[in-house]
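Everything on this sheet refers to the single structure shown next.
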Amino acid sequence: MTDRGEIREGEVVVEAPPPTDAGLIFIGRIRTPWTSRGETPRQGSPDGPVCRLEIYEPWTRALQGLDRFAQAQVVYWLHLSRRDLVIQRGHGIDGPRGTFALRSPLRPNPIGISSVAVVGIEGATVLVRGLDCLDGTPLIDLKPDRCVHSMVK
Ligand code: SAM
């Protein structure tokens, strides 16, 4: 699919059922330098710019102890994605492929996951490197990386 949401040759759209309310709570928003999908990296990089996770109340107390970790996983809602593609053309791959065989943002539940470096915590804001989402992307969750023991600062 193109950046403007047009369907390309070989891509398949289905009639997606209406979303079920899973009761998600957005715990904050992500501030990044990117304002269009075209300029946003496909995947975050440890050399990428410092981005900000702004945590909303009443969740700021949940940051307690995060400063012990050098790496975290960020889970976010790719809110501008269409949700009805089953076959699509991913960037840098040879032909159309199933959505579940891609890390494309276009999926029935557009959840993005990135492993990031925790650069610092300033009050209710966590500074991280390694993101690949648009400025203003809603934040779903934040958790220490699985390799916590080797990652503790
Ligand atoms: N790292 C995550 C993952 O693997 O789950 C996301 C990868 S996804 C390929 C990243 C791309 O999603 C970006 O290059 C951009 O085109 C798109 N994107 C970023 N933020 C978005 C948003 N809020 N809504 C829709 N698309 C977004």
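Charges were assigned to the Cβ only: +1 to each Lys and Arg, -1 to each Asp and Glu. The resulting dipole of the chain about its Cα centre is roughly 300 debye. Considering only PRO96, PRO18, PRO58, the Gaussian network model of the chain with Cα springs below 10 Å gives its largest mean-square fluctuation to PRO18. Computed in the context of the full set of protein chains, the accessible area of region 71-153 at 1.4 Å probe radius has 53% of its extent on carbon or sulfur. Among ASP145, ASP94, the sequence by solvent-accessible area, most first, with a 1.4 Å probe is ASP94, ASP145. Based on protein heavy atoms only, region 8-139 ends up with 57 Å² per residue of surface accessible to a 1.4 Å probe.
Charging the Cβ of each Asp and Glu at -1 and of each Lys and Arg at +1, and nothing else, the dipole of region 40-129 about its Cα centre rounds to 360 debye. Kirkwood radius and radius of gyration were both taken over the C-alpha atoms of region 23-151, and their ratio Rg/Rh is 0.98.
The values are calculated or read from the model by the stated rules, or taken from the named source; none is laboratory data. The structure displayed is predicted, hence computed values, not measured ones. So basically every Cβ, Gly included, is an ideal-geometry build from the backbone, and we count neighbours across all protein chains shown. Remember, those area values only see protein heavy atoms, side chains included, never the ligands or the DNA or RNA. Shrake-Rupley method; radii C 1.70, N 1.55, O 1.52, S 1.80 Å.
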